[in-house]
Structure formats: structure tokens, C-alpha cells
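The values are calculated or read from the model by the stated rules, or taken from the named source; none is laboratory data. Given the structure is predicted, the values throughout are model-derived calculations rather than measurements. Backbone-built Cβ (ideal geometry, glycine too); neighbour counts: all protein chains shown. Side chains are part of the model used for accessible areas, which takes the heavy atoms of the whole protein and leaves out ligands, DNA and RNA. Shrake-Rupley method; radii C 1.70, N 1.55, O 1.52, S 1.80 Å.
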Amino acid sequence: MRRKQPLSIGKTSPMLFEQLPDEILLIVCSYLSSFHITKAFNDLNYRLNCTINQYRQHLDLRGLDLRQFYFFCKMLRVSFGKQVRSITLSNAAPSVRQLTLFRKQIEPFVHLLPNLERLILLDYYDDELDLYLPLISVLKNLKELKIVFVKNKNEATLCSLISQMLTDNFVYFDHLPKRRKQIDNTDDLVEIFAGFEHLKYLNVNMKQLTILTSSIYDITSDERKIQCLSLTDFHFQTKWQPENLTFTHFVAILNCVPNIQHLFCILRTELTQDKFIHSDYIVVDKWRALFHELRSLIDLTCTIKCPLKASNYTECDFLRINANVSRASQQSIDIHLCYNNEIMNNVKNDLTLELDIQDLHKMTGSQLAPKLIRSHELTLYSDFFVDDDKLLSTFPDSLSLPDHLVFSQIRSLDLLGEFPSMNNIFLVTFVEQLIRRSPNLQSIGFFLYWVENMTDLVLNFLRPLKNYLKQIKKCYLYTEGDIDEKFVSELACLIPSLTLLSVKIDWYCNTAEVVNLCLLHMKHLIHLEMVLEEIPDYLDEDYIDRIKMEKEIETLAMARDTREWLKRNTILGKKSFNRIFRAEKNGNDLKIWL
């Protein structure tokens, strides 16, 4: 008798490559370079073209050998040049004089790259700027231009580059150009302002920031000003001599970009820190006047680097100026000067006051007042679980502070540590007293741990203080708990003037939904920071695996083009929202500027 063969329970059928879901294809692509993705999948079929479109839109040609480089040039000419949004080019090995080769292969740009929005030129030689500017100045969609110079071009470097070219069986050798044109000074920068009518983003590494020459200065003072009206985002770093280029001259240069919204600069000087401390550049009122003059300016970050001592020429960060403005009816300007060196350590220590909640309960008003009157930043912390019913259920009369000037310098309040019950009488009474008497208080932060669903406790703490929170412009939330519509809507109601929100997002929260909630409910928001928590390793359930894959795909997409991801997945991409924004993602930090 023949035995029946058992049925094959685990029988599998082969799957065609075209049947793989997009998520799997994107994960495969994450392990490949743009060259290999394009070489393997380009023009195989319509679906694959759509799947790899992001790799064709944003091209980084650095690190390609000459064969790969020419392959991309050919694809730009015959296949997808009109779809390209950003290109990065470099003269560094292995592709020597890549900028010149690219120009000769792709010219004219306006026909082959009509939708180019972002161009980065790295390690270029002096003669190439003159050749590139006419070609790219006619690109109507160009919004960002970044230029980085070759610092030194010597014979040894050139020989090394040519040797690399020989390994590819191809030699391209242009004549050694005369050093003609680079952004040596401010006048060269103004020429860029004059040459690009549609430029929105500019990142420049200058040799020296100088006073405008008389001819340029006369023009900028005339009704026929040389101005780049479209530029809204300007990054630059340079050396400068603050003893010669006064703050007034600095403002005159920025008047060439009157519609600037976001300004980031790094200024380096040989002036020592003990001499620079008397400069106009560290006077808050000067920066405040700059905001009044540049009506569109929203945020500014300026880092000043200079040596600590005359005998030590090593640069170090001396000062960072952070400023932003709420363009609401009050036009409030928030400016902070952050010192980062030994000279200012004593001053900084005086400006920051940290108090244990239990020690504070034992103090008297006369003991606390001398510390508060010098402080700009106040941190209340609790290192361990406190029995609220016994310790914090009353507010001692001895801690009352009749002098209203005691709190006049406080600019920020942070709560740090473990607060199991934040709406206790002692804490709420003290903070209410502080907020009512602190005209300069604009920032409040919650850095809380160990207690689940701390977001509810934060709301419980803020509710009794609602009438005093209109002056708060910044809020920092690093707690456990749900960032959902209930929390965001009530937080926006309690702190109606928020311009900056920095928040930690738990791994199970939907990033796009949180962005939408914040933008919908916080009408004055101009800066949103989110710290995206990673999924803990100890979670291994099946549904966690699905969430992990979704988060990985989300992370990859944001890393490639953060702004494009936000436009596709949030209300930032809807025409009805109609707000210009900038975004970046570094590690787990997502930042959005409106």
C-alpha cells in the first residue's frame, strides 16, 4: 500500500522583483549609492522611476570616478535633467576639475536643468566663479547657492589629483589659471547680490568682511540700491576687524538684503577677548535696532570667535548672539548673549541660579533676594521623591518677597527632576509670585523624569497660572507622556504667545501629526524643535517590528530631504497653509523655522 505524501504546509512561491513593495525597495536603496541606484533601476519601468525619483532629484556627485561622473552627465542630458532639484559638485579627488567638466557637459543649464533649486560648489578654483555665475544666474528656480573655495592650490596637490585621474585611464588637464576672482571682500559679495534676482538661500565662506568701497557704498545709499530682494536665508562665515568695521558698517552690508528672514554668521577676529568685550557687537540694543531696521528678520544666530590671550592665537568661541522676533502685533524681540569662555565664567555663574525645591522651602525672603536680583536664569530641581502632602502643602510667609525688583532680571524658568505632583501649593505660589513680577520672563522649561504621563502634570501646573503666561514666548518640554491634540490645544490656550516650542516626541507618536497639531493650534509659532525618541531595543512584539520599519523609512526620507518630507506629509505642503519654511534634521533632532 502506497503511503500518502504529507501536504507541504510551508510551501512558498517565488516573487518577481517588480512585485516587491516600495518599502522593501527603499530599504534596498538605502544600502546603495545614488550612482548604483540610477545605473540599476533608471528607466526600467514607470513604477521604479517613481520609487527612485528622490535619488534622481538630489544628486551628490562627489566621490565619483570619471566614468561614473560621465554616466550621470549623460543621464542628465538624455533622461532626467529636468527633474533634478539639487546638485553637489566638487573638485576634490577622484574627479579633478569636476566643476569645469560638468559645465562643458551640461551647458546650457537653463535648458537641461530648468528646475534646479540648490547648487553646491566645493573646492572650486578662482577662475570658475566667473564662468559659472552667468550660467546659473538665469536659473529662475534657483533658491540656494553654496560656494566653498580651495584654500591653497600647490603643485603637490595638483600632482596627486592628476595621479588619481590616471588610474581611471583618462586625463583632463586645463591650463593653470591666473588667480582672478574670489569672494575676497564685501564688494565681491555685493556683486553676487546684484547678479541673482531670484536667489532665496545663500551660504558663503568669505575671506574678509570689509567696509563697502565708496563707489559701492554710494550706490547702496542711493535710491537705485544694489539689493537682492529675493534672498531670505543668508549664512556666511568670515574674518573681520571689529575695530575698523563698526556695527553701523555691518548693518549697511545687511541692508543689501532687506527681506532677509534667517541670518546665520560666524565672525572671526584676532582681537583678544578682553579687548573685544568693549565692542558695539555685544551691545543688545544694537542688535535690537538691527531687527527694527530689517523688518522681515525672524531669527538670527551670530557666533564670534577670537583668541583668549594675545600670546595664544588659537580661536575659541567667545560669544553667541541668539535672537528671534514675534511678528505679531507686539513685535517683541528676544535676544540672548551666551558667553563661552573663562573670562565670563564668573558673570555666567551669577546669571544662573539653581535651587533645590527642599532648600528653597527652608529659605527666607532675605536669604533668597540677593541671589535672585542678579540672576537671569532660574532652575528649580528635585533630586528625589518628595512627600508633597507634608512638605509642599503650604507656603511659608517668611519666603514672601515684597520687593518687586527682585525678579526683574529673570528671563527663563526651568523645572528639572522628579515632581510627582506639580500643582502643590508651595510650587504654584512661588512660581506665580515670580511670573507676576518678572517683566522679562519669556521662557519656561520642563525637564522631568521617572513619572509617567508627565504631560498631564504639566497642564495641571500651568492651569492656575493661566492669567500670567501671556508673556511666555518659549517652551521646552522634555518629559514622558502623550503629545496629542488634547495636550497641544490646551498648551496653546494656556501659553497663547508661543514663538518657540521644543518638545520630546515618544517613539509611539506620529511625527507628522504632532507637527500638524503644533502648527494648527500655535498661531505665532516661528520655530519648532522636536527630539524624536528611538524605539527601545527590549520591545520585540510583532506590531513593534512594523512600527520600526515605518520609523526607519521615515528617518531615511527625512535624512534625504527634510523639507520635501514635511511638504508631502504635513500641512506645510498645502497651498492653504501658505507659509514659507526651512527645516533640517540632525540625528534625532528635527527643526523647523517658519
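For the listed residue pairs LYS275/LYS473; LYS200/LYS591; LYS200/LYS574; LYS82/LYS239, the alpha carbons are over 29 angstrom apart in LYS275/LYS473; LYS82/LYS239. When peptides 497-507, 462-472 are sorted by average Cβ neighbour count within 10 Å, with the highest value leading, the order is 497-507, 462-472.
Residues with beta-carbon under 12 Å from that of ILE571, excluding ILE571: net charge, scoring Lys, Arg +1 and Asp, Glu -1? Please report the intermediate quantities before stating the final value.
Values: positive: LYS567, ARG568, LYS574, LYS575, ARG579; negative: GLU513.
Taking every Cβ under 12 Å from that of ILE571, the sum is +4.
Normalised by 2.2 N^0.38 Å, with N the number of residues, the alpha-carbon radius of gyration of region 352-593 equals 1.12. 3J(HN,Hα) along region 106-120: 9, 4, x, 4, 4, 8, 8, 10, x, 9, 5, 10, 9, 9, 10 Hz, from the Karplus curve 6.51 cos²θ - 1.76 cosθ + 1.60 with θ = phi - 60°, whole Hz, x for Gly and Pro. A Förster radius of 30 Å combined with the Cβ-Cβ distance from ASP356 to GLU534 puts the calculated FRET efficiency at roughly 0.40. Overall, the ratio between the Cα radius of gyration of region 470-586 and 2.2 N^0.38 Å, rounded to two decimals, is 1.11. Summing charges over all other residues whose Cβ lies under 12 Å from the Cβ of LEU202, with Lys and Arg as +1 and Asp and Glu as -1, gives +2. Taking the charge dipole of region 352-593 about its Cα centre, with +1 at Lys and Arg Cβ atoms and -1 at Asp and Glu Cβ atoms, the residue from GLN409, ALA512, PHE487 reaching farthest to the positive side is GLN409. Other residues within the sphere of radius under 10 Å centred on the Cβ of LYS504, judged by their own Cβ, net out at -4 (K and R +1, D and E -1).
Estimated from the Cβ-Cβ distance and a Förster radius of 45 angstrom, the FRET efficiency linking GLN105 and THR246 is about 0.45.
Stretched out fully, how many nm does the piece from GLU191 to ASP280 gain, at 0.36 nm a residue minus the Cα gap? If you can, show how the numbers build up before the last one.
Values: separation 89, 0.36 × 89 = 32.04 nm, distance 2.76 nm.
Once the chain is fully extended between GLU191 and ASP280, it gains 29.3 nm.
Could you list the residues of region 268-286 with an amide nitrogen less than 17 Å from a label point located 7 Å from the Cα of CYS316 in the Cα-to-C-beta direction? It comes to 268-277, nothing else.
So, taking all protein chains as they sit and a 1.4 Å probe, how much accessible area belongs to ASP414, in Å² rounded to tens? Answer for ASP414: close to 40 Å² accessible.
Heavy-atom accessible area, probed at 1.4 angstrom with all protein chains present, ranks PHE102, PHE264 as PHE264, PHE102, highest first.
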